[in-house]
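Novice: I am attaching a structure below and will ask some questions about it afterwards.
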Amino acid sequence: MDKIEKIKYLIIGNSAGGIGAVEAIREADKTGTITVVSDEPFPVYSRPLISDFLAGKRTIDQLNYRAIDFYEQNDIKTIFGNRVTELNLDDNIVLLESGQKLAWDKLLLATGGTPIVPPMEGREAGGVFTFTTLADAIAIDDYIRQKPDANAVVIGGGLIGVSVTESLLKRRVKVTIIEMKERILNVILDNKTSYMEHKAVKDCGADIITGHTVSKINSNTHGEVYGVTLDNGDVISCGMVIIAIGVRPRLELVNNTDIKVNRGIAVDKHMQTSVPGIYACGDVAEAFDFIYGENRLTPVWPNAYLGGRTAGLNMAGKATDYPGGTNINSMKYFGIYIVSAGTISAPDKSYQELIAEHNDVYKKLILKDGLVTGMIFSGEVDRAGIIYNLMKDRVNVESFKQSLISDDMGLLSLPETVWRNRLATVPPVNGVDCAVS
Amino acid sequence: MRKIYIKEEVCIGCGLCEVYCQLQHASVHDLIKAFKKRGPRPLARARVEAKGNISFSVRCRNCEEPQCVYACLTGAITRDIETGMITVDEEKCIGCCTCMLVCPLGAIKQDKEHKKMIKCDFCQGEETPACVANCPNEALYCAECDSVNKEVPAKSPSPF
Ligand SMILES: Cc1cc2nc3c(=O)[nH]c(=O)nc-3n(C[C@H](O)[C@H](O)[C@H](O)COP(=O)(O)OP(=O)(O)OC[C@H]3O[C@@H](n4cnc5c(N)ncnc54)[C@H](O)[C@@H]3O)c2cc1C
């Protein structure tokens, strides 16, 4: 039998989660062998930046998340452009598409998400794309170069849909967004801010159709897209379609294994799955959401990194709890700055909304039982982190809630014990060593 | 690493730390020119907070667990291994504000003009940063502390 290489830390996925893990492992273990496997061919890049590449604002090299010698510096072996096809949990072995096998001591599943593509007619036509990888962005870029006059239909008005729309408009491609719900960005913005984005998108020349879906993609005899048909029978002609409905956890490796899966891979507070020694993080995992008080999918970059970091520390033997995350988003589409976190509108009467609005500033907090469960800041987003951390630390804000939406909100808006705690830091070694009067 | 410490009990909230921080980061090093003549005012990376007779000056304290580094979408925010300082790489920064949303001190600011995030940079390697050098009451001082990744007490005995 072939000798199978045994790796101390095997990481599947070379993105936010995987890198968070390897950086943490190297803090705790400088020498244990690490191998990172990814079916993407690139060194780690910032996934949210694929829109800047498509817009023509950045080259591929400028998307790099870490320095080019990152893997070398950290003594990490990489296997890129190769897919893991199977997990063998009995022998702790993975099988790669290339036929290679690797054995692990500790395994991290940071496999992220796959774009949701509904089983609609025409989805395989030429000119139909998704938008979640650099390869997708490159393919769309190539297509635009070949067909500069093609109009685009973007299916889905969520973060990815709006993001690709902004890039396409910068490339002078005419865009129509089709959003099934009543408004775009409905998962991460409230009525007010989503309308602001709606207006900004339209002002930049895109069309938005809400309340409808695409039921069919129309293609010609050469298999090239020439339009879409909506659920009401309306037909829109276009030369390309971007399916941007969302992503779901990429579970192909764990389905039909002993690893417990709900909507994503279930993990404990150490980010360990139901199978000891196997960890998961990022878009594929259901990690603790401190707003809901339960494990949920929160597919955003910061949580993937932090979950990866937690997993990595635990894999390297440093017991560490995941601090928890919730859905957080920062947007700057079409020049409008908005940050949001947690519940974006009061789900029912047991919640209260506090709103401050003047000029271009809009600040909203959503509260329940004295706790902040959600926030949206637009126009002026400085110091928003002071509130986000109240959400995270579950601080009861009942007695000072109004001051949180005032213009001069700061640390001194918080109770003394809270701000003193925030300012606490590592003490100096020898007291004062420089103060100049 | 070196850190800037605050002595809240002698801070009178005069705001000179902000002024000298702005000046330090302006294109001209003349107060009148920097504030009155040349384009938009430079932004301060320190912020004075005052309420009643409490006041202090806040800036990035280069957290042991830097949430901004973990949250940064592009890899622009990293910790300099040599100095322990958290830095923003302007080339990489897209000004998305994700770091600002997670910073517990509100110490990262948005530079709307340049569409970048800015924070205290310790006056880029100066021995004594401008805010410390110009504090009339010695309410700011800098000192060495045990650097990150070395064993440090989990909680400081006193906040300041
Ligand atoms: C266009 C766009 C814009 C975004 N904007 C934002 C934003 O503004 N803010 C934000 O917070 N988040 C944003 N996100 C979401 C963010 O990118 C994700 O939350 C984050 O990338 C998740 O990281 P991850 O490590 O869990 O997984 P992923 O980034 O999905 O990476 C998983 C990796 O694992 C690889 N992989 C999976 N299975 C296998 C296998 N079997 N074998 C080998 N390799 C495998 C995949 O190819 C992929 O490279 C955006 C996403 C997109 C697509």
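Values in this text are rule-based calculations from the coordinates and carry no lab data. Fair warning: this is a prediction, and the values are worked out from it, not measured in the lab. So basically every Cβ, Gly included, is an ideal-geometry build from the backbone, and we count neighbours across all protein chains shown.
Novice: Say each of B:Val10 and A:Arg145 gets a label point 7 Å from the Cα, pointing the same way as Cα to Cβ; how far apart are those two points in nm?
Specialist: Label-label distance for B:Val10 and A:Arg145, simple model: 6.4 nm.
Novice: Counting Lys +1, Arg +1, Asp -1, Glu -1, what net charge surrounds A:Gly17 among other residues with beta carbon under 12 Å of its beta carbon?
Specialist: Details: positive: A:Arg47, A:Arg250, A:Arg309; negative: A:Glu23, A:Asp283.
After counting each charged neighbour, the total is +1.
Novice: Mind listing the long-range amide H neighbours of A:Arg248? Cut-off is under 5 Å, sequence gap 5 or more, other chains count too, H placed in the peptide plane at 1.01 Å from N.
Specialist: Excluding prolines and chain starts, which carry no amide H, the hits are A:Thr114, A:Ile116.
Novice: Follow-up. Around A:Glu5, which amide H atoms from residues at least 5 apart in sequence, or from another chain, sit under 5 Å from its own amide H, with H modelled in the peptide plane?
Specialist: The answer is A:Ala103.
Novice: Quick check: pseudo-label points 7 Å beyond the Cα along Cα→Cβ at B:Phe35 and A:Asn220, how many nm apart are they?
Specialist: Here the modelled spin labels are 6.8 nm apart.
Novice: Quick one: give the max-minus-min coordinate of the C-alpha atoms of chain A along each principal axis, largest first, in Å.
Specialist: Taking max minus min along each principal axis of the Cα atoms, chain A gives 76, 72, 48 Å.
Novice: Can you list the GluC sites (Glu not before Pro) in segment B:1-105 that are in a DSSP coil and have 16 or fewer other beta carbons within 10 angstrom?
Specialist: B:Glu64, B:Glu82, B:Glu90, B:Glu91
Novice: ³J(HN,Hα) across segment A:86-95 via Karplus (A = 6.51, B = -1.76, C = 1.60, θ = phi - 60°), whole Hz, x for Gly/Pro?
Specialist: Karplus values, whole Hz, x for Gly and Pro: 7, 10, 10, 6, 6, 10, 6, 10, 10, 10.
Novice: On a C-alpha basis, how far is the centre of segment B:65-89 from the centre of segment A:390-406 in Å? Whole number, if you could?
Specialist: So the separation of the two Cα centres works out to 28 Å.
Novice: Which of the residue pairs A:Lys57/A:Lys147; A:Lys199/B:Lys92; A:Lys174/B:Lys112; A:Lys269/A:Lys392; A:Lys363/B:Lys116 have a Cα-Cα distance greater than 18 Å in the structure shown?
Specialist: The answer is A:Lys57/A:Lys147; A:Lys199/B:Lys92; A:Lys174/B:Lys112; A:Lys363/B:Lys116.
Novice: For segment A:230-247, what does the Karplus curve 6.51 cos²θ - 1.76 cosθ + 1.60, with θ = phi - 60°, yield as ³J(HN,Hα) per residue in whole Hz, taken in order and with x for Gly and Pro?
Specialist: 7, 5, 9, x, 4, 10, 10, 8, 6, x, 7, 10, 10, 8, 10, 7, x, 10
Novice: Checking the cross-link filter: which aspartates and glutamates have an alpha carbon closer than 15 Å to that of A:Lys260, excluding same-chain neighbours under 8 positions apart?
Specialist: A:Glu252, A:Asp268, A:Glu286
Novice: Let's see if you can work this out: charge +1 on each Lys and Arg Cβ, -1 on each Asp and Glu Cβ, no other charges. What is the dipole magnitude of chain A about its Cα centre, in debye to the nearest 20?
Specialist: Dipole magnitude for chain A comes out near 260 debye.
Novice: Could you calculate the contour length gain from A:Asp321 to A:Thr210, that is, 0.36 nm times the residue separation minus the distance between their Cα atoms, to one decimal place in nm?
Specialist: 35.8 nm
Novice: In bins 5 Å wide, starting from 0, what share of all Cα pairs of segment A:320-436 does each bin hold, as a percent?
Specialist: 2, 10, 19, 21, 18, 12, 7, 5, 4, 2, 0, 0
Novice: Between A:Asp61 and A:Asp203, what FRET efficiency comes out of the Förster formula 1/(1 + (r/R0)^6) with R0 = 30 Å and r the beta carbon distance, rounded to 0.05?
Specialist: 0.35
Novice: What lysines does A:Lys8 reach when the alpha-carbon gap must be under 16 Å and sequence neighbours fewer than 8 apart in one chain are set aside?
Specialist: A:Lys30, A:Lys77, A:Lys101, A:Lys106, A:Lys318
Novice: With charges set only on the Cβ (+1 for Lys and Arg, -1 for Asp and Glu), what does the dipole of segment A:328-434 come to about its Cα centre, in debye to the nearest 20?
Specialist: 300 debye
Novice: Using Cα centres only, tell me the gap between segment A:206-268 and segment A:97-161 in whole Å.
Specialist: Using only Cα atoms, the two centres lie 10 Å from each other.
Novice: Just to verify a number: FRET efficiency for A:Met180 and A:Thr85, C-beta to C-beta distance, R0 = 35 Å, to 0.05?
Specialist: 0.55
Novice: Given Cβ point charges of +1 (Lys, Arg) and -1 (Asp, Glu) and nothing else, what value in debye, to the nearest 20, does the dipole of segment A:310-377 about its Cα centre take?
Specialist: Rounded to the nearest 20 debye, it is 140 debye.
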